Each structure stands twice: as C-alpha cells, then as structure tokens.
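**Q** I'd like to ask some things about the structure below.
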Amino acid sequence: MKCDKCSNEATVHEVVIKGGKQHEKHLCEQCAKGDGLPVQTHAPLTSLLTQYITQQTEAAATAATGVNPSAVPGGCAECGLTFAQFRQNGLLGCPRCYEVFEQQLGPLLARWHEGGTHHVGKSPKSMAGAASGVSQATRARRAESGSATGSEQAADARAAQVALLRKQLGEAVAAEQYEKAAKIRDELVRLESMSPGGAFVSPSTPASKDKPARSPKRKGQEGEA
Amino acid sequence: MSAEPSSPIPEPGFSAAAVKRGAGWLRGVGAEADVVVSSRIRLARNLSGLAFLSRATREQRQRVLEVCRERLLSCGISSQMMWVDVHDAPPLDRLLMLERHLISKDHVKGRPPGAGTVKDEKSAESSEASEAGESVPLAAGGGEPRGVAISLPDERVSVMVNEEDHLRIQVLLSGLALEEALGVASGVDDLIEGPCARTGQTLAYAFSPRFGYLTCCPTNVGTGIRVSVMLHLPALKMTGEMDKVRRAARDMSLAVRGYYGEGSEASGEFYQISNQTTLGKSESVILHEFQREIIPQVIAYERAARRFLLDKRRRLLEDKVFRALGVLRHARLLSPEEAITLLSDVRLGVVTGLVRDLGAEDVNQLILLTQPAHLQRVLGKEMDQNQRREARADLVRERLGVQD
C-alpha cells in the first residue's frame, strides 16, 4: 500500500472513529512524523513480547497477591527456569513450568487465545476422563494444606460445573446453536467471576475491544509470538 | 548410544524419480483447488517428564531423538516410513525437504528454540530474501540432534523431532481437505502414543487437564493444533484488496504468512492462513470455524476478483498472463523469485481459462522444480547461483514445450 502523501510504502496506519465515521490514514514513516503521529521504531518481536508479558503479568499478579512476581526469587524446581527468563524469549522450560507459573500465565494465555484459559478437546488416552476444571497443581496444594475447607469444596463444585459448561459450550458452537452458546457463555462468565485468586479471566473480553480506537501500527509486526 | 540411523531405508530417500514427480500436495487436485493449493494440520506434542527443548541438554535431545525415532518407525503410521537425521543430512537434502514443505525453516537451520534472537534474525532474513529459497542459511555444522520421519511414497505425513517441541506431527494434502488431514493427524498422534502393537509400550505425552497438551511456547498450548491452508490470491492482489484480507484475518485472530510459513514473505501471491488460538476451543471447533466460516469467504472474494478482472479488466489480465508466459518461454536467465512470480501469473491464466494448453498441476510442479535444491537434484549436479539461473530458464522452456 502506498502512502497517502507520497509514493513511499505506507507503514503507519491510523484509524480514527469520529462522530460515528471512520477515517483511515496510511502514511510512510516520514509523513507520519510530519503529521505528528507517534511512530514506533521497528521493535523486534521478542522485545515486544517481553514488554507485553512484563506489563500483563505484573499487573495481574500484583493485583492477585500483592507481590510483584519479578521480585520473587527462585523459579521452576524441575528445570530452574525463572519467570524473568521466560519473559526474555517467551518459551517455557519444562511441563512443570505450567504449574509453577500457573498464576502469571493465566492472563497471558487469555490474551493469546481469545479468552481461552482452559483446555477443551482431545486428551491422551492415558488421561481419559481426567479433564476437569481443577488443575493437578491446585489439588496438590489443597492436599498439602490438609483437608479441604468448606469454601474449597464449593470451589471444587464450581470448577466441575465450569468444566461441564465449557464442554456444552463447545458442543453448542459446533452445532451452530449460537443462542444456546451465548447463554452458556454468560453463565460461565458469572461462575468464573466468583472464582477466588484471580486465576480465571473472563473469556468474553476479546483482545480487540480494549484497544484504543487510535492505534497506529507498523506492518510486519503481526506473526507468531 | 550411537547416533547412527537405525532406519530401514537409507538416505537419501528421495529418488530422482520422486523428486521429478513432485510433491503430492502440489498435484492441484481436491476441493477448491483453483484457490486452495494445500491444507495442513500440525500437532505439537512433548514427552512427559522431560525438559522442553529450550532447556534440554544435548544428551536429553539425543535421548528424545532416539526414543521418538524408534517409535515413529515402528508404530505403523504408514507401510513405508523414511527417517532422516536432519543434523547429519547434506545441506542440499535439508533444503530439498524444506522446498517440499516437509520440514520448517527452523528445522533446516537447527538452532535450539530460544537460542539468540531467533525471531529478529528471521525478520531480517525475510526482508533480504530477494531470492526466495536461496536465502535460507544452512548451519555450517549439522546443528543440534534432530530428525524427521516421512511417510512414503505419498509424503502426506511428516513428523519433525526436536523442532520447537519434541514432536511436530504434520499432515499436508492437496486442495481443501482439512477434515481429512485432521483425521490422519489425530490417527498418527494415537499411534505414536501407543500402546505399540508389538511391544505394548506407551509413550506418555506432557499434558495437564487445565492446559491441555503442554508446549514449549505457551502460544501453542491446549490442543497444540495449527490449521492452515495455502491460498493462491493473485486477483485480490491485482485489485488491491489483499490488505483487506490481511486486516480481516487479523481481526479474526488468524495469521497470514508467506509461501514457507512463519517468517517468510509471500512469493508469487501464495499465502498461508492459519489459526493462532489453541486453548479453550476443541480441535473440531477450531477446524470448523476455519473451514466453514473463514476460508469460504476468502475463496469467494478471490473468485469475485477474478470474475471482475475477466469482465471489466480483461485486457489488463490478459497482458499480465501472456506477458509472463512470453518471458518464461523465452528467458535465458531466471532467478527463483522471478520464476515463481511469473508462474503465479500463468497459474492465474490457467484457472481463469485464458491459458488452455497448461494445467494447474503443470504450473504447481514447475514452481517446485525451479527452486534451488530441486533444480540441482533434477539435473543431478551441484550448481552455483548463476549456473542455476541458466538451468532454471532452460528447464522452464523445456517444460513449456519451447524448442529453440
């Protein structure tokens, strides 16, 4: 695409919605600067990811625990990966990392997966019937802290119901029963908002909605994280 | 333990005849083949109780390689499986497998995931890639221990070992055939998991009830599935509507990539569209959203653009197509990028009925055969870049039936 003002390739795209009307601008870097639009220098994907992870997880974990995770020393007992290292390249070190960093990963996963926070779909034959809303880590923690309290039992029941609803939601979508699916989704949002610890994130907030209307973007930044 | 391959079929597994015959996914057959070149399903899997490759030692990688190789060759995926120790394979063979889309660019290079700033270098490479295919740098040494198992003779199934995850199961079919591809991929997944018909052993995958199949990069966690199609969208490019497709795809959380997938630019107006979301939706939901809702729209959009060009801009379309055919029939030197661009224009002529003496398959196969590694294997000799440009032009003229 060519720049609106000159013949250079347009790399800055701005969409402004004013009075219900959409105005698009497509400019090259020089013209965008001239127009006073913020022009990001070409940040590599890894640094974008790092930046993003830092913001997201620290905000979420601070809200949940009152402690900034980057200030917590130590990492995965299995492979030694720290969350700071994960933030460097976006890769985890071993299967155990998912349990260790469960809380920090939750909000990130929701952003990456259109609100998805829990697995739906195929499971290994050896795990048949094991799928439920409660992770093994959560179970282990409860086991360690002695018998489950009344509120934990309620949480377990809720988690089971969430798992059931998720399954029904998947089936409704597959059968194209969208009204039914919407009802199930609303029920899921209600249940999950009751969950303690902020481990669940509402799935009904697509990433695009909380973007500002004015969002200059450079080409070539999409792609896989 | 020895690193020697225990494979029943020695390398190189690609006979000259197989190379000339081309890849099955380029046959130009199947549903919607005028727009959809191929369909691909990829499943990411890791072995339970072992570090991911981002933190695995060389010994652990070697162990993963041996366990998986033994498994892949014995679990009955296909009556004939070929195994290639990619780290030991000659550079030309690695490139050949990349050109046939059997392994990824990263697998060719053999850097462990997360080593250095892989993503940055990747984008730098693709911008330099004025000559697609020739720009893929090959590790001087063989790189980290890694391999690939390929089903023969159809090459529908390939399983990469030690790419970003321990196992990457891939099924690649011609035309729009995602459901069939998912069926095959899921079957292969079950066979690898076991129990093995011979020994009764099973292979335990890293899996958690909450997160699903655990992957090195959390953007793949859950189903571990990537659903993608390669589309030929030359008319949308001509009418200037490709940017709309890109924006629409982004709004639907889909990725649009080039001919070689991740980190590659579009060449010859071939685009790969794939899902990004892997957690919270089942495989069949992901596939149905993709196959029923998204892809038909893009196909209809491209066909409408083709009709518009035929009805309203016929002279322009004819000029583009026959000019390309003229250059291909008479050029004496061709770079790979020029070849794929011109062949893409000719393919547009074939699918719109302007060019009648060629089929889509002929053009598809020429796109493959004119790539650097294939060209050298077809002619049976190693050539430098300049020699390849001559040989490429000669091969194209010969295949297009020009006698001069």
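The values are calculated or read from the model by the stated rules, or taken from the named source; none is laboratory data. Keep in mind that what you see is a predicted model, and the values were worked out from it rather than measured. Because the Cβ atoms are built from the backbone with ideal geometry, glycine has one as well, and the counts that use them run over all protein chains shown. Surface accessibility is based on the protein's heavy atoms, side chains included, excluding ligands, DNA and RNA. Shrake-Rupley method; radii C 1.70, N 1.55, O 1.52, S 1.80 Å.
**Q** Residue by residue through region B:377-393, note down the ones that are farther than 13 Å from B:P336 by Cα, part of a helix (DSSP H, G or I) and of a type outside the set (A, V, I, L, M, F, W, C).
**A** If the condition is that a residue be farther than 13 Å from B:P336 by Cα, part of a helix (DSSP H, G or I) and of a type outside the set (A, V, I, L, M, F, W, C), then B:R377 is the only one that fits.
**Q** Restricting to region B:389-403, give me the number of residues that are of a type in the set (V, I, T) and more than 24 Å from the chain's Cα centre (by Cα).
**A** Residues in region B:389-403 being of a type in the set (V, I, T) and more than 24 Å from the chain's Cα centre (by Cα): 1 in total.
**Q** If the requirement is being of a type in the set (V, I, T) and assigned to a helix (DSSP H, G or I), which of these qualifies: B:V245, B:V227?
**A** Just a single option satisfies the conditions, and that option is B:V245.
**Q** Just one of the numbered conditions (1) out of contact with any strand residue (DSSP E or B) (no Cβ under 7 Å at 6 or more places or on another chain); (2) within 7 Å of another protein chain (Cβ to nearest Cβ); (3) open to solvent by 10 Å² or more (accessible area, probe 1.4 Å) is not true of B:P218; which one?
**A** Among (1) out of contact with any strand residue (DSSP E or B) (no Cβ under 7 Å at 6 or more places or on another chain); (2) within 7 Å of another protein chain (Cβ to nearest Cβ); (3) open to solvent by 10 Å² or more (accessible area, probe 1.4 Å), the lone unmet condition for B:P218 is (3).
**Q** Of all residues in region B:181-198 being among the charged types (D, E, K, R) and touching a residue at least 40 places away in the same chain (Cβ under 8 Å), which is farthest from the other protein chains (Cβ to nearest Cβ)?
**A** For region B:181-198, the residue satisfying everything is B:R198.
**Q** Mind checking whether some residue in region B:54-62 is part of a helix (DSSP H, G or I), within 14 Å of chain A (Cβ to nearest Cβ) and without any contact (Cβ under 8 Å) to a residue 12 or more places away in the chain?
**A** So far as region B:54-62 goes, yes, one or more of its residues are part of a helix (DSSP H, G or I), within 14 Å of chain A (Cβ to nearest Cβ) and without any contact (Cβ under 8 Å) to a residue 12 or more places away in the chain.
**Q** Same structure, new question: For a quick check of your reading of the model, give me the residue pairs whose first member lies in region A:110-126 and is more than 7 Å from chain B (Cβ to nearest Cβ), whose second is hydroxyl-bearing (S, T, Y) and open to solvent by 40 Å² or more (accessible area, probe 1.4 Å), with beta-carbon atoms closer than 9 Å and at least 6 apart or on different chains.
**A** Here the result reads A:A110/A:S202; A:A110/A:T205; A:R111/A:Y52, each pair linking region A:110-126 to a residue that is hydroxyl-bearing (S, T, Y) and open to solvent by 40 Å² or more (accessible area, probe 1.4 Å).
**Q** If I filter region B:261-301 down to residues being closer than 15 Å to B:R226 by Cβ and charged (D, E, K, R), which single residue comes out as modelled with the lowest pLDDT?
**A** Once the filter is applied, the top-ranked residue is B:E262.
**Q** If the requirement is being part of a loop (DSSP other than H, G, I, E, B) and more than 9 Å from chain A (Cβ to nearest Cβ), which of these qualifies: B:Q291, B:Q201, B:Q272?
**A** Result of the check over B:Q291, B:Q201, B:Q272: B:Q201.
**Q** Shifting gears a bit: Against the definition (under 17 Å from B:L53 (Cβ atoms), open to solvent by less than 10 Å² (accessible area, probe 1.4 Å), under 19 Å from the mean Cα position of the chain (by Cα) and at pLDDT 95 or above), how does B:V159 come out, yes or no?
**A** Taking the combined requirement at face value, the residue satisfies it.
**Q** A further question follows. How many residues does region A:86-107 hold that are open to solvent by less than 10 Å² (accessible area, probe 1.4 Å) and either within 7 Å of another protein chain (Cβ to nearest Cβ) or at pLDDT below 90 (or both)?
**A** Summing the residues that are open to solvent by less than 10 Å² (accessible area, probe 1.4 Å) and either within 7 Å of another protein chain (Cβ to nearest Cβ) or at pLDDT below 90 (or both) in region A:86-107 gives 6.
**Q** Moving on to the next point. With the condition kept exactly as written, say whether any residue in region B:248-255 is modelled with pLDDT under 95 and in contact with a Leu (Cβ under 9 Å, 6 or more places away or on another chain).
**A** yes
**Q** B:S135: of a type in the set (S, T, N, Q), modelled with pLDDT of 90 or more, within 20 Å of the chain's Cα centre (by Cα) and within 17 Å of B:A373 (Cα to Cα), yes or no?
**A** Spelling it out, it is not the case that B:S135 is of a type in the set (S, T, N, Q), modelled with pLDDT of 90 or more, within 20 Å of the chain's Cα centre (by Cα) and within 17 Å of B:A373 (Cα to Cα).
**Q** Something else about it: Among (1) away from chain A (no Cβ under 12 Å); (2) open to solvent by 40 Å² or more (accessible area, probe 1.4 Å), which single condition is B:V245 missing?
**A** It is condition (2) that B:V245 fails.
Let's see how each residue does on (1) open to solvent by 50 Å² or more (accessible area, probe 1.4 Å); (2) without any contact (Cβ under 8 Å) to a residue 24 or more places away in the chain:
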residue	(1), (2)
B:R314	yes, yes
B:D319	yes, yes
B:R329	yes, no
B:E337	no, no
B:V350	no, yes
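**Q** Restricting attention to region B:222-240, does a residue exist that is basic (K, R) and within 8 Å of chain A (Cβ to nearest Cβ)?
**A** Within region B:222-240, not a single residue is basic (K, R) and within 8 Å of chain A (Cβ to nearest Cβ).
**Q** Which is open to solvent by 10 Å² or more (accessible area, probe 1.4 Å) and within 24 Å of B:L50 (Cα to Cα), of B:G200, B:G194, B:G183, B:G212?
**A** B:G200
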